[in-house]
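Peer 1: Quick one: the structure is below, questions incoming.
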Amino acid sequence: MFTFNDILQGNASGLSVLSSTPPDPELIFRSAHHDSRQIEPGDLFVAIKGAQVDGHRFIAAAARAGAIAALCSEPVADLPPDFLQIVVPDVVKALHAAAHTRALRQHNTTFIGITGSNGKTSTKEAVAAVLSRNAPTLKTQASYNTEIGYPLTLLRLEPQHRYAVLEMGAQWVGELAWLCTIAAPNWSLITNVGSSHLEYFGSQERIALAKSELVQALASDGLAILNYDDPNVRAMHTKTQARVLYYGTLAGADVRASTIGGDTLRGHSFTLHYQEQQIHVQLHIPGEHGITIALAAAASGLAAGMSLEDIAAALETLTPFKRRGEIKAGPNGSTLIDDSYNANRQSILAIARAMHEASIEPGGKRWAVLGDILELGSYARAEHLATGRELAALVDYLVAIGEQARFYVEGALEAGMPAEHAYYYSASLEKRQELTAAKRAVADLLKEQVQSSDLVLLKASLGLGMDTLLAMLQDI
């Protein structure tokens, strides 16, 4: 919730308003959206000119959906007379300024920034689930972690929010530092340093540098919540003047898991330790990475002064997040693991290890159905090859779709996977019909070959749209 005055104060110069009546500075907006399909009554529509779509084309649709104003760079005609058109030179900069002004008014809220190469969204959801048991908590919608999504989240702040759990992404060194100028975190949580967006960063060292910007932004009274198990994250303690709270499975972590057991796909059990206290936790999210997510959330709860009992109770309510390790019905009665939201080498191998360690019926096989990892640039071949080599020991069958995906197969064959267990379907992301045809061929293969006792993993970068393959498998 924010006011027209937040927009005015953040954009003192260059702003003009078109309306039949002068707007009240205390006019309240419920929230702001840059997608007209998400507009509800009382919202502000943010008309952004993108590379392919101009949001100004949808101002009228937003007005019909109930928006009471639009933030735009040029007015449009034929709108309701009382509809506000807030005209600014640069819509994105105006959005940032309004969010900055709104955040400054939220004096009693702890802002928690979350970043990392993998697991940002799942960690954000887990942290919010724990903290919301303690006090009203705002969280980033979906994966709104960019220069647009971050300020839109801040504009959803309500006076009663005690915590704001904010996912923050980056594709270049300096981006997180820039996002922190809109609203700096009080606590910064780093999940890991992997190979995401190598095309933009150029090296893993630069990825670590970029992620560390979130702890560098902390004041001396802030808190850095760092994954002790990741050496690159652990080393970030040297880059902050704030207090550090480590989480992980290794002995040096402040918030630690031990005696890990249980079902690797449907949820591990473990003992949660903090100082001289400990408690048993039974998770319902998959893999060892699920334990890491839970420990990050537990560390946040402990920083907020919550008891281990309340934290454990919150962790045990967690379920797999959408398209992130969801267990579904697969072809021919098999079990399908939908981890199709996004991918890099580390996240593919994490869920593949969980599948490898899971109990399976006698005669059952493990299938990995993978699409390209995107945004790797010159590292694409090496990352796909390395992934394929490790997969050879984790799965029985490999099915690859895309352009770079052929290197999964090459790596797996090099590591000893039988050739008859590897399938490659060439398809270009730019040629949608070709990609759809490849997915149909894969769906036909799986429907023919997969047995009821098998496990099937679906995973790829978001741009591959593996959810459409899932729909084909389920005949939707």
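Coordinate-derived values only; no laboratory data. Only a predicted model underlies this, so the values are computations on that prediction, with no experimental measurement involved. Using ideal geometry, Cβ is built from the backbone for each residue, glycine included, and neighbour counts are taken over all protein chains shown.
Peer 1: Which whole-number percent is the relative contact order of the stretch 326-473 (Cα, under 8 Å, 6+ apart)?
Peer 2: 37 percent
Peer 1: The stretch 99-175 to the stretch 1-41: how many Å between their Cα centroids?
Peer 2: Value for the Cα centre distance between the two parts: 21 Å.
Peer 1: Order these by the 10 Å Cβ neighbour count, fewest first: Ser20, Ser212.
Peer 2: Ser20, Ser212
Peer 1: Can you list the residues, at least 5 places off or on another chain, whose amide H is less than 5 Å from the amide H of Asn192, using H built in the peptide plane?
Peer 2: Long-range HN contacts for Asn192: Ser117, Asn118.
Peer 1: What are the ³J(HN,Hα) couplings of the stretch 81-96, residue after residue, when phi is run through the Karplus curve with 6.51, -1.76, 1.60 and θ = phi - 60°? Round to Hz, x for glycine and proline.
Peer 2: After applying 6.51 cos²θ - 1.76 cosθ + 1.60, I find x, 8, 6, 8, 10, 9, 9, 10, x, 9, 5, 5, 5, 5, 4, 4 Hz.
Peer 1: Rule-of-thumb check for the stretch 326-473: C-alpha Rg over 2.2 N^0.38 Å?
Peer 2: Here the Cα radius of gyration is 0.93 times the empirical estimate.
Peer 1: Could you tell me whether the chain comes out rounded, prolate or oblate from its Cα gyration tensor? Rule is a ≥ b ≥ c as square roots of the eigenvalues, rounded for a/c under 1.5, then prolate if a/b exceeds b/c, otherwise oblate.
Peer 2: oblate
Peer 1: Hey, could you get me the Stokes-Einstein D for the stretch 207-363, Kirkwood radius over alpha-carbon pairs, 4 °C and 1.567 mPa s, rounded to whole µm² s⁻¹? List each step's numbers first, then the result.
Peer 2: Working: Rh = 16.8 Å.
Approximately 77 µm²/s, per Stokes-Einstein.
Peer 1: May I pose another question? When DSSP assigns beta bridges and you keep just the ones with both residues in the stretch 326-473, what percent turn out antiparallel, to the nearest 5?
Peer 2: Values: 4 of 23 bridges.
Around 15 percent of the beta bridges assigned by DSSP in the stretch 326-473 are antiparallel ones.
Peer 1: Could you please state, rounded to a whole Å, how far the C-alpha centre of the stretch 177-229 is from the C-alpha centre of the stretch 245-306?
Peer 2: Spelled out, the Cα-based centre of one part sits 22 Å from the other.
Peer 1: Starting at the first residue of the stretch 403-414, write each ³J(HN,Hα) from the Karplus equation 6.51 cos²θ - 1.76 cosθ + 1.60 with θ = phi - 60°, in whole Hz, x for Gly and Pro.
Peer 2: Result, rounded to whole Hz: 9, 6, 4, 4, 6, 4, 5, 4, x, 5, 5, 4.
Peer 1: For the stretch 106-315, go through all pairs of different Cα atoms, get the mean of 1/r, take its inverse, and jot down that Kirkwood value in Å.
Peer 2: 16.9 Å
Peer 1: Quick one: which residues, 5+ away or cross-chain, put their amide H under 5 Å from the amide H of Gly262? H built at 1.01 Å from N.
Peer 2: Amide H neighbours of Gly262, under 5 Å, 5+ apart: Ser269.
Peer 1: Something else: Can you tell me how the stretch 92-145 classifies by the Cα gyration tensor, rounded, prolate or oblate, using a/c under 1.5 as the rounded cut?
Peer 2: Taking the square roots of the gyration eigenvalues as a ≥ b ≥ c, the stretch 92-145 is oblate.
Peer 1: If one computes the Cα centroid of the stretch 370-433 and of the stretch 325-339, what distance in Å separates the two points?
Peer 2: After rounding, the separation between the Cα centres reads 21 Å.
Peer 1: Could you please report the charge total around Ala224, scoring K, R as +1 and D, E as -1 over all other residues with beta-carbon less than 11 angstrom from its beta-carbon?
Peer 2: Net charge in that neighbourhood comes out at +3.
Peer 1: Just to check, using Stokes-Einstein with a Kirkwood Rh over alpha carbon pairs, what's the diffusion coefficient of the stretch 71-123 at 10 °C and 1.306 mPa s in µm²/s?
Peer 2: It diffuses with D of about 109 µm²/s by this estimate.
Peer 1: Continuing with this model, one more query. Return the calculated 222 nm mean residue ellipticity for the chain, to the nearest 500 deg cm²/dmol, obtained by summing -39500 (n - 2.57) across DSSP H runs with n ≥ 4 and dividing by the residue count.
Peer 2: Details: 16 runs with 160 residues, N = 476.
Result for the chain: -10000 deg cm²/dmol, rounded to the nearest 500.
Peer 1: Out of residues 5 or more away from Leu245 or on other chains, whose amide H comes under 5 Å of its own, with H placed 1.01 Å from N in the peptide plane?
Peer 2: Those qualifying (amide H under 5 Å, at least 5 residues apart or on another chain) are Ala224, Ile225, Leu226.
Peer 1: Give me the compactness ratio for the stretch 131-175, meaning the Cα radius of gyration over 2.2 N^0.38 Å.
Peer 2: 1.25
Peer 1: May I ask what percent, to the nearest 5, of DSSP beta bridges between residues of the chain are antiparallel?
Peer 2: Percentage antiparallel, nearest 5: 30.
Peer 1: In a shell of Cβ-Cβ distance under 12 Å around Gln282, excluding Gln282 itself, what net charge do Lys and Arg (+1) and Asp and Glu (-1) give?
Peer 2: -1
Peer 1: So, counting K/R as plus one and D/E as minus one, what does the shell of residues with Cβ under 15 Å around Arg406 add up to?
Peer 2: -4
Peer 1: OK, next. Give the angle, between 0 and 90 degrees and rounded to the nearest 10, that separates the Cα long axis of helix 204-216 from the longest principal axis of the Cα atoms of the chain.
Peer 2: On a 0 to 90 degree scale, this one is about 40.
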